[in-house]
Amino acid sequence: MSNPAVAENSAAGLDRGARPISRVIAGSLKRRYAAERRFKAYGIAAIAFAVLALGVLFTDIISKGLPAFTRTTVELEVTVDPKVIDPDGTRDPQVLSSANYQKLIKDAVMRLFPDVSGRRDERALMNLISPGATYRLRNDVIEAEREGRSIIGERVTMHVPVADDIDQFNKGHISGDLDEAVRRVSDQQIAWFQNLKERGLVETAFNTTLFTASDSRSPELAGIKGALMGSFWTMLVTLVLSFPLAVGAAIYLEEFAPQNRWTDLIEVNINNLAAVPSIVFGLLGLAVFLNFFGLPRSAPLVGGMVLTLMTLPTIIIASRAALKSVPPSIREAAFGVGASQMQMVFHHVLPLALPGMLTGTIIGMAQALGETAPLLMIGMVAFIVDVPNGPLDAATVMPVQIFLWSDLPERAFVERASAAIMVLLGFLILMNALAVLLRRRFEVRW
């Protein structure tokens, strides 16, 4: 029989012990929840900072690069005088190519301002017009002769580009309120240009030269076509060399290689090579491909070989991960129906791992497309005007072209560098989107 007094004392003791424990648990939960809230806040702050930095970067690039997609032109009435460009009337392409088209352009400009006289004023007036006007007129004359619709002896209407300083003034990047001594456009040139605008002879149009021309000393004539073609040939060489080599190495190491210390050593070195700075591969290419084998400098072939060395570890690692993701049951089922090792790999495992391999390849190619340092070491930093027609022609690539333009003092080149960055980012986003699309299209879930 229990004593009521003892039971009452025991219940009171339990109550006294339970209250401190509940308070301890509540305090612990409060601290844990506070730590969780702080962790989430840190993560949100990090993401917000990254988005802000990305927004600032994109805003800066786009605000600087968008003006490069337009250009200012002036309408000229040019008389194609046969006495100037073809006095003998032979219509010889060599004669037409070397004729003095500058005089025809000058005559057309001077007709717009007949009151201008004196060598100094005439030179200042002609500085309104880009030297590209001469090339444009020459190309039009030669092309018309080739197509049998000669324009020699006629007066033609042309929209020729203005000089880069006038273009910058028209876009508002050079203020007319500044003192004449601190700007690159004189008051007289501004007055002439405003006169042309009032007469309706000035137009702003899409800058097709940016995509149809190669590099130039004159910003208004500079384009990215040469760099784009150089990047194309370089990436083509890189893809042709790196994909079969990397996939073959990954298949051998994952499916056929014996597990010994040599295999382990190779795997460790492949993983380490993925972290080697890219300029080291450039030094290797300079020593081996140029100095030892004597391959041509500035050629996309050498650039592609150097980028292949840099890209191989990335594709091998991605391809091995794709092979490892294939369930062992696929291999066991293949062996169960009598397939050989090679049949099991190429008929059953490789098709399932191919989407992951392609994704790794595209990511590796996107990384190679944005590389600059290794290509500087093999001479792809040279000033090259011609558009490359093959992997052995001298060329530059988009990142190097951006590097060259960003180092020049003219603001028009800064615009073009930002526009080239926008085009390069567009290609990189497109390649990454293609990688995601391939993975989702061919991914097999099991």
Please work out which one of (1) free of Cβ contacts under 8 Å to residues at least 12 places away in the same chain; (2) surrounded by 19 or more Cβ atoms within 10 Å (Cβ to Cβ); (3) among the hydroxyl-bearing types (Ser, Thr, Tyr) is the condition SER130 fails and give its number.
(1)
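For the stretch 73-93, does any single residue satisfy the condition of being in contact with a helix residue (DSSP H, G or I) (Cβ under 8 Å, 6 or more places away or on another chain), of a type in the set (Gly, Ala, Ser) and open to solvent by less than 50 Å² (accessible area, probe 1.4 Å)?
Our first condition is that a residue be in contact with a helix residue (DSSP H, G or I) (Cβ under 8 Å, 6 or more places away or on another chain); within the stretch 73-93, this holds for 74, 76-81, 84-86, 88-89, 91, 93.
Next cut, of a type in the set (Gly, Ala, Ser) only: 89.
Applying the additional criterion that residues be open to solvent by less than 50 Å² (accessible area, probe 1.4 Å) yields 89.
Yes, some residue in the stretch 73-93 is in contact with a helix residue (DSSP H, G or I) (Cβ under 8 Å, 6 or more places away or on another chain), of a type in the set (Gly, Ala, Ser) and open to solvent by less than 50 Å² (accessible area, probe 1.4 Å).
For the structure I just gave you, tell me whether ARG441 is among the basic types (Lys, Arg), out of contact with any Ser or Thr (no Cβ under 8 Å at 6 or more places or on another chain), closer than 29 Å to GLY248 by Cβ and touching a residue at least 24 places away in the same chain (Cβ under 8 Å). Reasoning before the result, please.
Details: among the basic types (Lys, Arg): yes; out of contact with any Ser or Thr (no Cβ under 8 Å at 6 or more places or on another chain): yes; closer than 29 Å to GLY248 by Cβ: yes; touching a residue at least 24 places away in the same chain (Cβ under 8 Å): yes.
Criteria met by ARG441.
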Evaluation of THR157 against (1) within 25 Å of ASP115 (Cβ to Cβ); (2) in a helix (DSSP H, G or I); (3) β-branched (Val, Ile, Thr); (4) in contact (Cβ under 8 Å) with a residue 24 or more places away in the chain (one fails), failing number
(2)
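In this structure, does GLY223 turn out to be in contact with a Leu (Cβ under 7 Å, 6 or more places away or on another chain), at pLDDT 90 or above and buried (at least 16 other Cβ atoms within 10 Å of the Cβ)? Give the steps one after another, and end with the answer.
Details: in contact with a Leu (Cβ under 7 Å, 6 or more places away or on another chain): yes; at pLDDT 90 or above: yes; buried (at least 16 other Cβ atoms within 10 Å of the Cβ): yes.
For GLY223, the condition - in contact with a Leu (Cβ under 7 Å, 6 or more places away or on another chain), at pLDDT 90 or above and buried (at least 16 other Cβ atoms within 10 Å of the Cβ) - is met.
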I'd like to check something: does the stretch 87-99 contain any residue that is β-branched (Val, Ile, Thr) and out of contact with any strand residue (DSSP E or B) (no Cβ under 6 Å at 6 or more places or on another chain)?
yes
Complete set of residues in the stretch 159-192 that are among the aliphatic types (A, V, I, L, M) and surrounded by 13 or more Cβ atoms within 10 Å (Cβ to Cβ):
VAL160, VAL162, ALA163, ILE166, ILE174, VAL185, ILE190
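Being without any contact (Cβ under 8 Å) to a residue 12 or more places away in the chain and either assigned to a helix (DSSP H, G or I) or not aromatic (Phe, Trp, Tyr) (or both) narrows it down to one residue among VAL268, VAL237; which is it?
Values: VAL237 fails: without any contact (Cβ under 8 Å) to a residue 12 or more places away in the chain.
Going through VAL268, VAL237 in turn, the sole match is VAL268.
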Could you please let me know if SER150 is closer than 16 Å to PHE413 by Cα, surrounded by fewer than 17 Cβ atoms within 10 Å (Cβ to Cβ) and in contact (Cβ under 8 Å) with a residue 24 or more places away in the chain?
no
What about ASP215, is it buried (at least 17 other Cβ atoms within 10 Å of the Cβ), in a loop (DSSP other than H, G, I, E, B) and acidic (Asp, Glu)?
yes
Scope the stretch 287-316; condition open to solvent by 40 Å² or more (accessible area, probe 1.4 Å), assigned to a helix (DSSP H, G or I) and more than 16 Å from ASN269 (Cβ to Cβ); matching residues
ALA287, VAL288, ASN291, PHE292, LEU301, MET305
Among the residues that make up the stretch 422-443, is at least one of them assigned to a helix (DSSP H, G or I), open to solvent by less than 40 Å² (accessible area, probe 1.4 Å) and among the charged types (D, E, K, R)?
no
Can you spot a residue in the stretch 193-210 that is closer than 23 Å to MET422 by Cα, over 24 Å from the mean Cα position of the chain (by Cα), open to solvent by 30 Å² or more (accessible area, probe 1.4 Å) and polar (S, T, N, Q)?
yes
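Filter the stretch 95-127 for residues that are open to solvent by less than 30 Å² (accessible area, probe 1.4 Å) and either assigned to a loop (DSSP other than H, G, I, E, B) or aliphatic (A, V, I, L, M) (or both) and give the result.
As a first pass, look at the stretch 95-127 and keep what is open to solvent by less than 30 Å² (accessible area, probe 1.4 Å): 96, 99, 101, 104-105, 108-109, 113, 116, 124-126.
Residues satisfying the conditions are LEU96, ALA99, LEU104, ILE105, ALA108, VAL109, PHE113, VAL116, ALA124, LEU125, MET126.
The values are calculated or read from the model by the stated rules, or taken from the named source; none is laboratory data. Owing to the predicted nature of the structure, the values given are computational and were not obtained by experimental measurement. Virtual Cβ from ideal backbone geometry, glycine too; neighbours counted across all protein chains shown. The accessibility values were calculated without ligands, DNA or RNA, using every heavy atom of the protein model including side chains. Shrake-Rupley method; radii C 1.70, N 1.55, O 1.52, S 1.80 Å.
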